[in-house]
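Below is one structure, written out as C-alpha coordinates, with a few remarks after it.
The values are calculated or read from the model by the stated rules, or taken from the named source; none is laboratory data. The model shown is predicted, which means the values in this text are computed figures rather than measured ones. Glycine also receives a Cβ, built like all others from the backbone with ideal geometry; neighbour counts cover every protein chain displayed. These area figures cover heavy atoms from the full protein model, side chains too; ligands, DNA and RNA do not enter into them. Shrake-Rupley method; radii C 1.70, N 1.55, O 1.52, S 1.80 Å.
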Amino acid sequence: MTNIDYNALRADFDTPLYIYDFDMIKARYKAIKDQFIAHKSLICYALKANSNLSILKLLASQGAGFDCVSIGEVRRALLAGAKPYKIIFSGVGKRQSEIKQAINFGILMLNAESPAELESIEQIAKELNKIVNISIRINPNIDAKTHPYISTGLNENKFGVSIDQARIMYLNAQKSAHLNPIGVHFHIGSQLCDIKPIIEAANIVSDFTSELIAAGIEIKFFDVGGGLGVRYDNEIEPDLYEYAQGILGALKGKDLTILCELGRYIVANAGELLTSVLYEKQSQNGKRFVIVDGAMNDLIRPSLYSAHHGVSLASIQKPNENFSTTDIVGPICESGDFLAKNISLPQLQNGDLLLIKSAGAYGFSMASNYNTRPRCAQIAIEDGKVRQIGKKESFEDLIQNEKEFL
(Lines give C-alpha, C1' and ligand atoms only; values in the text may rest on other atoms or scores of the structure.)
Protein backbone atom coordinates (compact mmCIF):
# COMPACT_ATOMS: atom_id res chain seq x y z
CA MET A 1 0.00 0.00 0.00
CA THR A 2 1.43 3.34 -1.05
CA ASN A 3 0.66 7.04 -0.60
CA ILE A 4 -0.99 6.48 2.76
CA ASP A 5 -0.93 9.07 5.52
CA TYR A 6 -0.40 6.77 8.49
CA ASN A 7 -0.36 9.64 10.96
CA ALA A 8 -3.84 10.60 9.77
CA LEU A 9 -5.02 7.01 10.17
CA ARG A 10 -3.73 6.97 13.75
CA ALA A 11 -5.51 10.24 14.47
CA ASP A 12 -8.79 8.83 13.12
CA PHE A 13 -8.67 5.24 14.37
CA ASP A 14 -5.91 5.01 17.03
CA THR A 15 -3.23 2.30 17.11
CA PRO A 16 -2.72 -0.57 16.96
CA LEU A 17 -4.74 -0.70 13.74
CA TYR A 18 -5.32 -3.38 11.12
CA ILE A 19 -5.23 -2.09 7.54
CA TYR A 20 -6.40 -4.22 4.59
CA ASP A 21 -5.83 -3.67 0.88
CA PHE A 22 -9.11 -4.75 -0.72
CA ASP A 23 -7.75 -4.32 -4.24
CA MET A 24 -5.04 -6.87 -3.48
CA ILE A 25 -7.57 -9.29 -1.99
CA LYS A 26 -9.61 -9.17 -5.21
CA ALA A 27 -6.48 -9.64 -7.31
CA ARG A 28 -5.29 -12.63 -5.28
CA TYR A 29 -8.69 -14.30 -5.53
CA LYS A 30 -8.82 -13.71 -9.29
CA ALA A 31 -5.29 -15.04 -9.76
CA ILE A 32 -6.20 -18.48 -8.41
CA LYS A 33 -9.68 -18.56 -9.97
CA ASP A 34 -8.21 -17.84 -13.41
CA GLN A 35 -5.98 -20.92 -13.20
CA PHE A 36 -9.06 -23.15 -13.37
CA ILE A 37 -11.00 -21.01 -15.85
CA ALA A 38 -11.37 -23.87 -18.34
CA HIS A 39 -12.50 -26.33 -15.67
CA LYS A 40 -15.36 -26.46 -13.18
CA SER A 41 -14.10 -25.01 -9.92
CA LEU A 42 -15.14 -23.27 -6.71
CA ILE A 43 -12.58 -21.27 -4.74
CA CYS A 44 -13.75 -21.45 -1.13
CA TYR A 45 -12.24 -18.78 1.08
CA ALA A 46 -11.21 -20.21 4.47
CA LEU A 47 -12.81 -17.94 7.07
CA LYS A 48 -10.38 -18.95 9.80
CA ALA A 49 -7.71 -16.79 8.11
CA ASN A 50 -9.75 -13.61 8.58
CA SER A 51 -13.51 -13.59 9.11
CA ASN A 52 -14.20 -9.85 8.96
CA LEU A 53 -17.69 -9.45 7.48
CA SER A 54 -16.61 -6.82 4.97
CA ILE A 55 -13.87 -9.11 3.63
CA LEU A 56 -16.41 -11.91 3.30
CA LYS A 57 -18.85 -9.60 1.51
CA LEU A 58 -16.09 -8.53 -0.87
CA LEU A 59 -15.22 -12.12 -1.74
CA ALA A 60 -18.86 -13.17 -2.06
CA SER A 61 -19.29 -10.38 -4.60
CA GLN A 62 -16.43 -11.94 -6.61
CA GLY A 63 -18.17 -15.33 -6.68
CA ALA A 64 -16.19 -17.06 -3.94
CA GLY A 65 -17.39 -19.98 -1.89
CA PHE A 66 -16.56 -20.36 1.80
CA ASP A 67 -14.86 -22.99 3.93
CA CYS A 68 -16.14 -22.87 7.52
CA VAL A 69 -15.03 -24.74 10.64
CA SER A 70 -17.74 -23.62 13.07
CA ILE A 71 -21.41 -22.79 12.83
CA GLY A 72 -20.41 -19.24 13.74
CA GLU A 73 -18.34 -19.06 10.57
CA VAL A 74 -21.23 -20.48 8.56
CA ARG A 75 -23.49 -17.77 9.95
CA ARG A 76 -20.89 -15.10 9.23
CA ALA A 77 -20.66 -16.21 5.61
CA LEU A 78 -24.44 -16.17 5.20
CA LEU A 79 -24.70 -12.76 6.85
CA ALA A 80 -22.09 -11.42 4.41
CA GLY A 81 -24.13 -12.57 1.42
CA ALA A 82 -22.75 -16.03 0.68
CA LYS A 83 -25.00 -18.47 -1.13
CA PRO A 84 -25.70 -21.55 1.02
CA TYR A 85 -24.80 -23.83 -1.91
CA LYS A 86 -21.28 -22.36 -1.86
CA ILE A 87 -20.56 -23.15 1.80
CA ILE A 88 -18.64 -26.16 3.15
CA PHE A 89 -18.67 -27.01 6.84
CA SER A 90 -15.49 -28.78 7.99
CA GLY A 91 -13.79 -29.40 11.34
CA VAL A 92 -13.16 -32.40 13.58
CA GLY A 93 -15.46 -31.42 16.45
CA LYS A 94 -18.89 -30.37 15.23
CA ARG A 95 -21.53 -30.29 17.97
CA GLN A 96 -24.87 -31.89 17.17
CA SER A 97 -26.55 -28.49 17.42
CA GLU A 98 -24.09 -27.15 14.82
CA ILE A 99 -24.76 -30.05 12.47
CA LYS A 100 -28.50 -29.50 12.77
CA GLN A 101 -28.20 -25.79 11.99
CA ALA A 102 -25.93 -26.44 9.01
CA ILE A 103 -28.38 -28.97 7.57
CA ASN A 104 -31.25 -26.53 7.99
CA PHE A 105 -29.25 -23.78 6.28
CA GLY A 106 -29.00 -26.03 3.19
CA ILE A 107 -25.25 -25.63 2.67
CA LEU A 108 -23.34 -27.40 -0.10
CA MET A 109 -21.99 -30.19 2.11
CA LEU A 110 -20.74 -31.23 5.51
CA ASN A 111 -17.23 -32.61 5.60
CA ALA A 112 -17.05 -35.63 7.94
CA GLU A 113 -13.77 -36.32 9.72
CA SER A 114 -14.55 -39.53 11.64
CA PRO A 115 -16.94 -42.51 11.53
CA ALA A 116 -18.60 -41.28 14.73
CA GLU A 117 -19.23 -37.86 13.21
CA LEU A 118 -20.70 -39.40 10.07
CA GLU A 119 -23.08 -41.45 12.24
CA SER A 120 -24.09 -38.27 14.06
CA ILE A 121 -24.79 -36.46 10.77
CA GLU A 122 -26.88 -39.40 9.56
CA GLN A 123 -28.91 -39.56 12.78
CA ILE A 124 -29.66 -35.83 12.74
CA ALA A 125 -30.57 -35.94 9.04
CA LYS A 126 -32.95 -38.82 9.82
CA GLU A 127 -34.58 -36.84 12.63
CA LEU A 128 -35.03 -33.89 10.25
CA ASN A 129 -36.20 -36.20 7.46
CA LYS A 130 -33.63 -34.75 5.08
CA ILE A 131 -30.93 -36.00 2.73
CA VAL A 132 -27.58 -34.36 3.46
CA ASN A 133 -24.67 -33.91 1.07
CA ILE A 134 -21.42 -35.06 2.64
CA SER A 135 -17.75 -35.37 1.85
CA ILE A 136 -15.14 -37.21 3.87
CA ARG A 137 -11.74 -35.81 4.76
CA ILE A 138 -9.03 -38.27 3.82
CA ASN A 139 -5.67 -38.24 5.54
CA PRO A 140 -3.22 -39.40 2.84
CA ASN A 141 -0.27 -39.62 5.28
CA ILE A 142 1.81 -37.10 3.33
CA ASP A 143 4.45 -35.00 5.09
CA ALA A 144 3.78 -31.40 4.11
CA LYS A 145 7.18 -30.32 5.54
CA THR A 146 5.76 -27.30 7.32
CA HIS A 147 5.56 -26.13 10.94
CA PRO A 148 4.27 -29.07 13.06
CA TYR A 149 1.40 -26.95 14.41
CA ILE A 150 0.02 -26.44 10.87
CA SER A 151 0.79 -29.88 9.45
CA THR A 152 -2.46 -31.82 9.04
CA GLY A 153 -1.86 -34.70 6.61
CA LEU A 154 0.04 -37.26 8.68
CA ASN A 155 -1.37 -40.22 10.57
CA GLU A 156 -0.25 -38.57 13.82
CA ASN A 157 -2.46 -35.52 13.14
CA LYS A 158 -6.03 -35.27 14.42
CA PHE A 159 -7.56 -34.49 11.04
CA GLY A 160 -9.35 -36.83 8.65
CA VAL A 161 -9.37 -40.60 8.30
CA SER A 162 -7.23 -43.16 6.51
CA ILE A 163 -8.21 -44.39 3.07
CA ASP A 164 -9.21 -47.73 4.57
CA GLN A 165 -11.53 -46.02 7.05
CA ALA A 166 -12.86 -43.71 4.35
CA ARG A 167 -13.72 -46.65 2.11
CA ILE A 168 -15.98 -48.12 4.79
CA MET A 169 -17.53 -44.72 5.53
CA TYR A 170 -18.34 -44.06 1.87
CA LEU A 171 -19.92 -47.48 1.42
CA ASN A 172 -22.02 -46.94 4.55
CA ALA A 173 -23.05 -43.50 3.32
CA GLN A 174 -24.02 -44.94 -0.04
CA LYS A 175 -26.44 -47.32 1.69
CA SER A 176 -27.96 -44.60 3.85
CA ALA A 177 -31.35 -43.09 3.04
CA HIS A 178 -30.21 -39.76 4.52
CA LEU A 179 -26.63 -39.30 3.32
CA ASN A 180 -25.53 -38.32 -0.17
CA PRO A 181 -21.74 -38.72 -0.58
CA ILE A 182 -20.79 -36.22 -3.28
CA GLY A 183 -17.26 -35.12 -2.39
CA VAL A 184 -13.77 -36.24 -1.43
CA HIS A 185 -11.52 -33.96 0.56
CA PHE A 186 -7.95 -33.67 1.79
CA HIS A 187 -5.80 -30.91 3.28
CA ILE A 188 -2.26 -31.72 4.32
CA GLY A 189 -1.10 -28.48 5.92
CA SER A 190 -0.63 -24.74 5.68
CA GLN A 191 2.05 -22.33 4.42
CA LEU A 192 3.24 -24.78 1.76
CA CYS A 193 5.66 -23.27 -0.74
CA ASP A 194 6.63 -26.63 -2.23
CA ILE A 195 3.58 -27.95 -4.08
CA LYS A 196 4.99 -31.46 -4.60
CA PRO A 197 3.32 -32.87 -1.43
CA ILE A 198 -0.03 -31.37 -2.51
CA ILE A 199 0.22 -32.97 -5.96
CA GLU A 200 1.32 -36.28 -4.43
CA ALA A 201 -1.70 -36.23 -2.14
CA ALA A 202 -3.98 -35.27 -5.05
CA ASN A 203 -2.83 -38.31 -7.01
CA ILE A 204 -3.41 -40.65 -4.07
CA VAL A 205 -6.89 -39.30 -3.39
CA SER A 206 -7.74 -39.25 -7.11
CA ASP A 207 -6.91 -42.95 -7.39
CA PHE A 208 -9.18 -43.60 -4.41
CA THR A 209 -11.90 -41.50 -6.06
CA SER A 210 -11.70 -43.79 -9.12
CA GLU A 211 -12.41 -46.69 -6.80
CA LEU A 212 -15.44 -44.93 -5.33
CA ILE A 213 -16.83 -44.07 -8.76
CA ALA A 214 -16.36 -47.69 -9.88
CA ALA A 215 -18.39 -48.72 -6.82
CA GLY A 216 -21.27 -46.56 -8.02
CA ILE A 217 -20.72 -43.63 -5.64
CA GLU A 218 -21.46 -40.45 -7.58
CA ILE A 219 -18.62 -38.16 -6.53
CA LYS A 220 -18.99 -34.65 -7.94
CA PHE A 221 -16.45 -32.57 -5.98
CA PHE A 222 -12.70 -33.01 -5.57
CA ASP A 223 -11.62 -30.81 -2.66
CA VAL A 224 -7.86 -30.24 -2.50
CA GLY A 225 -7.97 -28.12 0.64
CA GLY A 226 -5.82 -25.03 0.91
CA GLY A 227 -2.40 -24.40 2.33
CA LEU A 228 -0.66 -22.44 -0.43
CA GLY A 229 2.21 -20.53 1.13
CA VAL A 230 2.91 -16.82 0.94
CA ARG A 231 6.01 -14.71 1.29
CA TYR A 232 6.64 -13.54 4.84
CA ASP A 233 10.42 -13.31 4.59
CA ASN A 234 12.43 -15.00 1.83
CA GLU A 235 9.92 -17.70 0.84
CA ILE A 236 9.20 -18.27 -2.85
CA GLU A 237 5.47 -18.50 -3.43
CA PRO A 238 4.16 -21.50 -5.40
CA ASP A 239 3.67 -21.12 -9.12
CA LEU A 240 -0.10 -21.07 -9.55
CA TYR A 241 0.00 -22.52 -13.06
CA GLU A 242 2.08 -25.50 -11.91
CA TYR A 243 -0.23 -25.93 -8.92
CA ALA A 244 -3.38 -25.98 -11.06
CA GLN A 245 -1.87 -28.18 -13.75
CA GLY A 246 -0.67 -30.63 -11.13
CA ILE A 247 -4.17 -30.98 -9.72
CA LEU A 248 -5.77 -31.25 -13.16
CA GLY A 249 -3.21 -33.89 -14.07
CA ALA A 250 -4.00 -35.86 -10.92
CA LEU A 251 -7.68 -35.95 -11.87
CA LYS A 252 -6.81 -37.93 -15.01
CA GLY A 253 -9.75 -36.55 -16.99
CA LYS A 254 -12.41 -37.05 -14.30
CA ASP A 255 -15.38 -34.72 -14.73
CA LEU A 256 -15.30 -33.32 -11.20
CA THR A 257 -15.62 -29.81 -9.79
CA ILE A 258 -12.36 -28.77 -8.14
CA LEU A 259 -12.66 -27.09 -4.76
CA CYS A 260 -9.81 -25.09 -3.23
CA GLU A 261 -9.95 -23.77 0.33
CA LEU A 262 -7.55 -20.84 0.34
CA GLY A 263 -7.40 -18.29 3.13
CA ARG A 264 -3.84 -17.21 3.87
CA TYR A 265 -2.98 -16.99 0.15
CA ILE A 266 -5.78 -14.49 -0.45
CA VAL A 267 -5.44 -12.17 2.54
CA ALA A 268 -2.06 -12.54 4.29
CA ASN A 269 -0.06 -10.00 2.31
CA ALA A 270 -3.06 -7.71 1.93
CA GLY A 271 -2.98 -6.81 5.63
CA GLU A 272 -0.71 -4.73 7.85
CA LEU A 273 -0.71 -3.91 11.55
CA LEU A 274 0.09 -0.28 12.31
CA THR A 275 1.59 0.27 15.76
CA SER A 276 3.02 3.26 17.65
CA VAL A 277 6.35 3.35 19.43
CA LEU A 278 5.99 4.02 23.15
CA TYR A 279 9.56 3.83 24.43
CA GLU A 280 13.04 2.52 23.79
CA LYS A 281 14.76 0.46 26.48
CA GLN A 282 18.18 -1.10 26.89
CA SER A 283 18.88 -3.90 29.34
CA GLN A 284 21.93 -4.12 31.56
CA ASN A 285 23.70 -6.41 29.11
CA GLY A 286 23.05 -4.02 26.22
CA LYS A 287 19.98 -5.73 24.74
CA ARG A 288 17.82 -3.16 22.92
CA PHE A 289 14.02 -3.20 22.99
CA VAL A 290 11.52 -1.06 21.09
CA ILE A 291 8.27 -1.08 23.08
CA VAL A 292 5.13 -0.52 21.00
CA ASP A 293 1.39 -0.39 21.70
CA GLY A 294 0.71 -3.51 19.63
CA ALA A 295 1.06 -6.84 21.41
CA MET A 296 0.65 -10.59 21.21
CA ASN A 297 -3.07 -10.23 21.83
CA ASP A 298 -3.24 -8.29 18.54
CA LEU A 299 -0.89 -10.55 16.53
CA ILE A 300 0.04 -13.84 18.18
CA ARG A 301 1.79 -15.56 15.25
CA PRO A 302 5.33 -14.52 16.27
CA SER A 303 4.76 -15.82 19.82
CA LEU A 304 2.88 -18.95 18.77
CA TYR A 305 4.89 -20.10 15.75
CA SER A 306 8.06 -17.98 15.99
CA ALA A 307 6.66 -16.58 12.75
CA HIS A 308 8.48 -13.84 10.87
CA HIS A 309 6.72 -10.62 9.89
CA GLY A 310 8.53 -7.89 8.03
CA VAL A 311 8.72 -4.49 9.73
CA SER A 312 8.94 -1.09 8.06
CA LEU A 313 8.91 2.50 9.19
CA ALA A 314 5.53 4.13 8.59
CA SER A 315 6.73 7.46 9.98
CA ILE A 316 9.68 8.67 11.95
CA GLN A 317 9.92 12.09 13.54
CA LYS A 318 13.69 12.55 13.41
CA PRO A 319 15.34 10.43 10.72
CA ASN A 320 18.80 9.22 11.68
CA GLU A 321 21.38 6.67 10.64
CA ASN A 322 21.87 5.04 14.04
CA PHE A 323 20.69 1.54 13.13
CA SER A 324 21.13 -1.31 15.56
CA THR A 325 19.62 -4.70 16.32
CA THR A 326 16.46 -4.73 18.42
CA ASP A 327 13.39 -6.69 19.46
CA ILE A 328 9.95 -5.16 19.01
CA VAL A 329 7.91 -5.98 22.11
CA GLY A 330 4.49 -5.12 23.46
CA PRO A 331 2.92 -4.14 26.80
CA ILE A 332 1.62 -7.61 27.76
CA CYS A 333 3.04 -9.23 30.88
CA GLU A 334 4.63 -12.20 29.09
CA SER A 335 8.20 -12.76 27.93
CA GLY A 336 6.67 -14.20 24.77
CA ASP A 337 5.06 -10.87 23.90
CA PHE A 338 7.04 -9.83 20.84
CA LEU A 339 6.23 -8.88 17.24
CA ALA A 340 9.75 -9.20 15.85
CA LYS A 341 13.20 -10.21 17.09
CA ASN A 342 16.72 -9.28 16.10
CA ILE A 343 15.86 -6.78 13.38
CA SER A 344 17.77 -3.65 12.44
CA LEU A 345 16.06 -0.32 13.07
CA PRO A 346 17.19 3.26 13.61
CA GLN A 347 16.82 4.89 16.98
CA LEU A 348 13.12 5.55 17.58
CA GLN A 349 11.10 7.69 19.94
CA ASN A 350 7.58 8.00 21.30
CA GLY A 351 5.10 8.53 18.50
CA ASP A 352 7.05 6.95 15.65
CA LEU A 353 4.97 4.50 13.63
CA LEU A 354 5.90 0.97 12.55
CA LEU A 355 4.14 -1.36 10.11
CA ILE A 356 4.06 -5.08 10.82
CA LYS A 357 3.73 -6.60 7.36
CA SER A 358 1.83 -9.63 6.00
CA ALA A 359 -0.64 -9.55 8.89
CA GLY A 360 -3.88 -10.08 6.97
CA ALA A 361 -4.19 -13.78 7.82
CA TYR A 362 -4.37 -15.21 11.35
CA GLY A 363 -3.91 -11.75 12.80
CA PHE A 364 -7.17 -10.23 13.92
CA SER A 365 -8.92 -13.62 13.69
CA MET A 366 -6.65 -14.93 16.48
CA ALA A 367 -6.70 -11.72 18.51
CA SER A 368 -7.78 -11.83 22.15
CA ASN A 369 -8.52 -9.62 25.14
CA TYR A 370 -5.64 -10.95 27.22
CA ASN A 371 -4.62 -8.45 29.95
CA THR A 372 -8.04 -6.82 29.39
CA ARG A 373 -6.82 -5.24 26.20
CA PRO A 374 -9.45 -4.24 23.62
CA ARG A 375 -9.19 -5.61 20.12
CA CYS A 376 -8.24 -2.85 17.75
CA ALA A 377 -10.06 -1.17 14.87
CA GLN A 378 -9.89 -2.46 11.29
CA ILE A 379 -9.98 -0.41 8.09
CA ALA A 380 -10.09 -1.18 4.38
CA ILE A 381 -8.46 0.70 1.54
CA GLU A 382 -10.12 0.21 -1.84
CA ASP A 383 -9.69 2.32 -4.96
CA GLY A 384 -7.69 4.77 -2.86
CA LYS A 385 -10.49 5.30 -0.36
CA VAL A 386 -10.39 4.48 3.35
CA ARG A 387 -13.35 3.05 5.25
CA GLN A 388 -13.76 1.49 8.66
CA ILE A 389 -14.77 -2.18 8.76
CA GLY A 390 -14.40 -2.85 12.48
CA LYS A 391 -14.36 -0.53 15.47
CA LYS A 392 -11.99 -0.62 18.42
CA GLU A 393 -13.53 -2.31 21.42
CA SER A 394 -14.28 -0.33 24.57
CA PHE A 395 -13.81 -1.40 28.16
CA GLU A 396 -17.60 -1.75 28.36
CA ASP A 397 -17.52 -4.19 25.42
CA LEU A 398 -15.07 -6.35 27.32
CA ILE A 399 -17.11 -6.63 30.53
CA GLN A 400 -20.67 -6.61 29.20
CA ASN A 401 -21.12 -10.39 29.63
CA GLU A 402 -19.90 -10.33 33.23
CA LYS A 403 -21.39 -7.24 34.89
CA GLU A 404 -24.78 -8.79 35.61
CA PHE A 405 -23.18 -11.45 37.80
CA LEU A 406 -21.48 -9.03 40.19
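Scanning the stretch 1-19 for residues that are over 26 Å from the mean Cα position of the chain (by Cα), more than 21 Å from Arg373 (Cβ to Cβ) and not aliphatic (A, V, I, L, M), we see that the one that is least open to solvent (accessible area, probe 1.4 Å) is Tyr6.
Can you tell me which residue in the stretch 249-267 is surrounded by the most Cβ atoms within 10 Å (Cβ to Cβ), limited to those that are of a type in the set (Gly, Ala, Ser) and modelled with pLDDT of 95 or more? Quick ask: steps written out before the conclusion?
Just the residues of the stretch 249-267 that are of a type in the set (Gly, Ala, Ser), to begin with: 249-250, 253, 263.
Retained after the next criterion (residues that are modelled with pLDDT of 95 or more): 249-250, 263.
Numbers: Gly249: 13, Ala250: 21, Gly263: 25.
It comes out as Gly263.
Of all the listed residues (Lys26, Lys33, Lys57, Lys48), the sole one being surrounded by 19 or more Cβ atoms within 10 Å (Cβ to Cβ), modelled with pLDDT of 95 or more and outside any strand (DSSP E or B) is Lys48. Search the stretch 36-45 for residues being among the hydrophobic types (A, V, I, L, M, F, W, C) and surrounded by 17 or more Cβ atoms within 10 Å (Cβ to Cβ), and hand back the single one that is farthest from Ile88 (Cα to Cα). Only one residue fits best here, namely Phe36.
Taken over the stretch 17-71, the residue count meeting the criterion of being over 29 Å from Val292 (Cβ atoms) and polar (S, T, N, Q) is 5. Taking residues in the stretch 38-59 that are without any contact (Cβ under 8 Å) to a residue 60 or more places away in the chain, and partners anywhere that are open to solvent by 10 Å² or more (accessible area, probe 1.4 Å), the pairs with Cβ atoms closer than 6 Å and at least 6 places apart or on different chains are Leu56/Ala80; Lys57/Ala80; Lys57/Gly81. Considering the stretch 360-386 alone, what residues qualify as being of a type in the set (Asp, Glu) and either surrounded by fewer than 16 Cβ atoms within 10 Å (Cβ to Cβ) or assigned to a helix (DSSP H, G or I) (or both)? Listed by number, the list holds a single entry, Asp383. The residue of the stretch 77-120 that is nearest to Leu262 (Cα to Cα), among those that are surrounded by fewer than 20 Cβ atoms within 10 Å (Cβ to Cβ) and among the aromatic types (Phe, Trp, Tyr), is Tyr85. Among what's in the stretch 206-243 and is aromatic (Phe, Trp, Tyr) and in a helix (DSSP H, G or I), pick the residue that is most open to solvent (accessible area, probe 1.4 Å). Looking at the filtered set, the residue picked out is Tyr241.
In the set Gly246, Gly286, only one residue is outside any strand (DSSP E or B), open to solvent by less than 50 Å² (accessible area, probe 1.4 Å), under 30 Å from Glu218 (Cα atoms) and of a type in the set (Gly, Ala, Ser); that residue is Gly246.
Taking the listed residues Gln349, Gln284, the one that is touching a Lys or Arg at 6+ places or on another chain (Cβ under 8 Å) and over 22 Å from Asn50 (Cβ atoms) is Gln349, with no other qualifying.
Matching residues to (1) of a type in the set (D, E, K, R); (2) modelled with pLDDT under 95; (3) under 30 Å from Phe22 (Cα atoms); (4) in a strand (DSSP E or B):
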{"residue": "Asn269", "(1), (2), (3), (4)": "no, no, yes, no"}
{"residue": "Leu274", "(1), (2), (3), (4)": "no, no, yes, yes"}
{"residue": "Ala295", "(1), (2), (3), (4)": "no, no, yes, no"}
{"residue": "Ala340", "(1), (2), (3), (4)": "no, no, yes, yes"}
{"residue": "Gln349", "(1), (2), (3), (4)": "no, yes, no, no"}
{"residue": "Ser358", "(1), (2), (3), (4)": "no, no, yes, no"}
